[in-house]
Amino acid sequence: MMNPVERAKQDWYPIGIVSDPRRPKRYATRVLGKDIVLETKEEGSLSVSCGDESWEITEAYDHIWTSPSQNPKPLFSIPEENERDRRFVPCGVVHVRCSPLRAVENFLDIAHFPFVHTDVLGSEPHTEVAPYKVNIDETKDEVIATKVKFFQPQAAKSANEGIVTEYIYRVPAPMTAILYKTCPNRDDVLDIISLFVQPIDEDNCAVWPWMALYDDESSMADMVEFQQLIFLQDRNILENQIPKRLPIDPKMEIPTRADLTSVAYRRWLKKSGALYGALIQPAEQSAE
Amino acid sequence: MMEPVSKNLEMATKQIKITGRFDDIAFRDWIFHRSAVLGLDISSLTYGQSSIIFSASGHSVLLDAMEIACSLGPSDAMVEKIQATDLELEQITHND
């Protein structure tokens, strides 16, 4: 199996928002434990360097992405970005002291909504997660969970009352999760909330949420504030999880049917060798 | 004095067949450890290089958790397929 660092180098990672006016001309950050600099030249072009190395750079979904590989895997597709009547909302960045894989896994976990996002994304006594479908799509090489249904008191900034929200989850890259959910204003489309995760190193990450919504009423500031509130609630949980890295062996946990997406995610990571940020125990320890 | 609470605990037995690429002895040991954690009884277990078949009995919810845990297995195991079959089902009434 490929070394986890070498495997991680094949992917793209978000490092900034394209239209961020506050980003300095030379913006220093870290990816995969390496110090890099995002430079904005006078004419507006961008480049990324890591010491003497030049890294690949691209722009997509309102974000700037980089990869250490000279021949990275193609960036995943979100076809809905072409629906121009959606509102595309980059929500800034939240730094979290946890493995980048933990951040993605938390986003896939529905069962925590009533307890962490109380009276917003969930509420008691509506805590049961109904059975849903999870597959690893071998053709697209991604995890897909469908028919996920959950009662939410306030599913989005634009929601006026509680609704049973239907979710579809996609994990098209190890550090990206995309959620399609019931749009409170229209029944013919789904809102999109994505989590793009920048791996600072194996124990630290920066999370860049991005939304593509049908919402003509809420202000941009309100939508960003709503999403940041949700993620700040998650941060408290994420930073206190033990172990900090994502265990691939469920030794210390008892996954149930509600956790099928997480289990499929871990299987897919293991299968593809995408284990940067994972906790890998030798077999003799995992049975102790 | 409080009335005794009656709970219906659904007990079951499942046969679980795991196929994939793994160290069969390490996976066997992992199954015994995991079933002890979940309070399940293993009644039979056979294994070869690419498959393990075992029967486990206990509370149906915990058997379900066993099946889900086995779909991941130990860190270095790659489970390709898992099949679970109900072997018997009985209802017992338990008074606390």
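The values are calculated or read from the model by the stated rules, or taken from the named source; none is laboratory data. A quick note: this is a predicted structure, and the numbers were derived from the prediction, not measured. In this analysis, Cβ positions are derived from the backbone assuming ideal geometry, glycine residues included, and neighbour counts consider all displayed protein chains. Accessible surface is based on the protein model in full, side chains and every heavy atom, while ligands, DNA and RNA are left aside. Shrake-Rupley method; radii C 1.70, N 1.55, O 1.52, S 1.80 Å.
The ellipsoid equivalent to the alpha-carbon distribution of segment A:1-119 has semi-axes of 26, 21, 16 angstrom, derived from the gyration tensor eigenvalues as √(5λ) and listed largest first. For the residue pairs A:LYS271/B:LYS17; A:LYS244/B:LYS81; A:LYS73/A:LYS147; A:LYS9/A:LYS149; A:LYS181/B:LYS81, the alpha carbons lie more than 27 Å apart in A:LYS244/B:LYS81; A:LYS73/A:LYS147; A:LYS9/A:LYS149; A:LYS181/B:LYS81. Accessible area buried by the pairing of A and B, both sides summed with a 1.4 Å probe, works out to roughly 1900 Å². Within the protein assembly as shown, the proportion of Cα pairs with more than 33 Å between them is 37 percent.
Only one residue of A:ASN185, A:SER262, A:LEU46 has its Cα farthest out toward the positive end of the dipole of the protein assembly as shown, where Lys and Arg carry +1 and Asp and Glu -1 on Cβ, and that residue is A:LEU46.
Here each label is just a point 7 Å from Cα along the line to Cβ, and for A:ASP188 and A:PHE115 those points are 4.1 nm apart.
Report which residues of segment B:46-69 become buried by 50 Å² or more of accessible surface when going from the isolated chain to the complete set of protein chains (1.4 Å probe; DNA, RNA and ligands ignored). Residues meeting the cut-off: B:ILE68. Extension gain, A:ASP141-A:ASN240: 0.36 nm per intervening residue step, less the Cα-Cα distance, totals 32.5 nm.
Semi-axis lengths, largest first, of the ellipsoid equivalent to segment A:91-131 are 23, 13, 8 Å, with √(5λ) applied to each eigenvalue of the Cα gyration tensor. Ordered by 1.4 Å accessible area with all protein chains kept, A:ARG7, A:ARG84, A:ARG97 run largest first as A:ARG84, A:ARG97, A:ARG7.
Dipole check for segment A:4-279: with +1 at the C-beta of Lys and Arg, -1 at the C-beta of Asp and Glu, and the Cα centre as origin, the magnitude is about 800 Debye.
Could you tell me whether segment B:8-95 comes out rounded, prolate or oblate from its Cα gyration tensor? Rule is a ≥ b ≥ c as square roots of the eigenvalues, rounded for a/c under 1.5, then prolate if a/b exceeds b/c, otherwise oblate. It is prolate, given that a/c is not under 1.5 and a/b is the larger ratio. Taken as Cα centroids, segment A:113-133 and segment B:60-90 sit 25 Å apart, rounded to the nearest whole angstrom.
Residues within the reach of a label modelled at A:ARG257 (point 7 angstrom out along Cα to beta-carbon, backbone nitrogen below 18 Å), restricted to segment B:42-63, are B:58-63. Put a dot 7 Å past the Cα of A:GLN70, heading toward its Cβ, do the same for A:LYS271, and the two dots end up 3.2 nm apart. The heavy atoms of A:SER77 present about 70 square angstrom of accessible area, all protein chains included, probe 1.4 Å. Note on A:ARG257: accessible area approximately 110 square angstrom, rounded to 10, probe 1.4 Å, nucleic acids and ligands left out. Farthest towards the positive end of the charge dipole of segment B:8-95, among the residues B:TYR47, B:SER57, B:ALA36, is the Cα of B:TYR47, using unit charges on the Cβ of Lys, Arg, Asp and Glu. Taking a ≥ b ≥ c as the square roots of the eigenvalues of the Cα gyration tensor, segment A:86-235 is rounded, since a/c falls below 1.5. Charges were assigned to the Cβ only: +1 to each Lys and Arg, -1 to each Asp and Glu. The resulting dipole of segment B:8-95 about its Cα centre is roughly 180 debye. If I take R0 = 51 Å and measure r between the Cβ atoms of A:ALA130 and A:GLU42 in this structure, what FRET efficiency does the formula 1/(1 + (r/R0)^6) give, to the nearest 0.05? Calculated value: 0.40. Per the helix-only calculation at 222 nm, which mean residue ellipticity applies to chain A, given -39500 (n - 2.57) for every DSSP H run of n ≥ 4 and division by its residues, nearest 500 deg cm²/dmol? My calculation for chain A gives -5500 deg cm²/dmol from helical runs alone. Look at the stretch B:21-34: the mean tally of other chain Cβ atoms within 10 Å of its residues' Cβ atoms is 3. Quick one: net charge around B:GLY48, please, counting Lys, Arg +1 and Asp, Glu -1 for every other residue with C-beta under 13 Å from its C-beta. Neighbourhood net charge equals +1.
Taking the average, over residues, of other Cβ atoms within 10 Å as the packing measure, peptides A:202-215, A:35-48 rank A:202-215, A:35-48 from highest down.
With distances taken between every two different alpha-carbon atoms, segment A:67-149 has a Kirkwood hydrodynamic radius of 16.5 Å.
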